[in-house]
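Reviewing the structure listed below.
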Amino acid sequence: MIELKFHHFLKWDEINEIVESAKNNMVVVKLPNSIYNSPKMTYKIEFMRKNHIIVEVENDKRGRGKKIDDDVKKEILKLYKEGYSINKIASMLNLPKSTIFTNVKDEINKIKTEMKKEELTSLVYEYKEYLIKNDLYHPYIESQFLELKVYVDNNDLENAYNKLKEIIKYIKEKRKEKKREKRKRKGKRKRYKHVS
């Protein structure tokens with residue numbers, strides 16, 4: 001039995017060599033979870049299995065992640081909030097990106113969500129002001145904004161963005177209808193003037 005471990009996406013040349021080896025031996029190919037589950041590898045894994053090659057997820061850890069203390073975590077999060085990328089923070093603090101991400105990924109995801117939430121809230125406020133100013137804000141729109149607020153409050157930002165798009169689309173349709181009605185009334189007035 002031949003056991004092969006790979007930590008990269010396999011090329012077809014490599015796969016063909018493995019298939020050749022499998023003609024005389026049982027071959028087990030082990031891949032990291034990220035590569036094994038990648039859409040890029042789906043067809044290749046299927047092809048190897050059809051050629052009697054066992055393809056498995058490699059469960060071996062490649063190393064223990066370095067722990068960082070709370071002061072360093074606070075500094076990383078402070079820099080991230082200021083707009084620095086993980087790459088830039090890694091070079092500034094002389095730490096590997098993977099160490100930073102492993103130690104603060106949950107906090108960074110919360111920050112990202114909060115930033116998106118603030119951005120969306122600001123956008124909603126500006127749009128609401130625009131609608132009020134242009135006399136387009138009425139009870140139906142208010143109910144839609146209340147629904148949007150529920151999504152934002154529950155951190156369901158995907159549905160919140162979709163609801164905002166829906167509101168914008170509705171307003172555009174209403175504005176088009178108003179323009180058409182205005183043109184019709186204008187056309188009727190011209191005809192009446194022309195007749196008299």
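Looking at the stretch 67-87, can you tell me whether even one residue there is farther than 17 Å from I108 by Cα, of a type in the set (D, E, K, R) and surrounded by 12 or more Cβ atoms within 10 Å (Cβ to Cβ)? Checked against the condition, which is being farther than 17 Å from I108 by Cα, of a type in the set (D, E, K, R) and surrounded by 12 or more Cβ atoms within 10 Å (Cβ to Cβ), the stretch 67-87 yields no hits at all.
Cβ separations smaller than 6 Å between residues 6+ apart or across chains give the following pairs from the stretch 154-170 residues that are free of Cβ contacts under 8 Å to residues at least 12 places away in the same chain to residues that are buried (at least 16 other Cβ atoms within 10 Å of the Cβ): N159/Y151.
Only residues that are more than 35 Å from the chain's Cα centre (by Cα) and in contact (Cβ under 8 Å) with a residue 12 or more places away in the chain were counted in the stretch 15-52, giving 9. Could you please let me know if N103 is surrounded by 14 or more Cβ atoms within 10 Å (Cβ to Cβ), within 24 Å of K74 (Cβ to Cβ) and within 27 Å of the chain's Cα centre (by Cα)? So N103 passes the test.
Restricting the stretch 83-101 to residues that are among the β-branched types (V, I, T) and out of contact with any Lys or Arg (no Cβ under 8 Å at 6 or more places or on another chain), the residue that is nearest to I68 (Cα to Cα) is I100. Residue under question is K110, and the condition is that it be in a helix (DSSP H, G or I) and under 29 Å from L157 (Cα atoms); does it hold? Here the answer is yes, as K110 does meet what is asked.
Each value in this text was obtained by applying a stated rule to the coordinates, not by laboratory testing. For clarity, every value in this text was computed on a predicted model and none was experimentally measured. For neighbour counting, all protein chains shown are included, and Cβ atoms are generated from backbone atoms with ideal geometry for every residue, glycine included.
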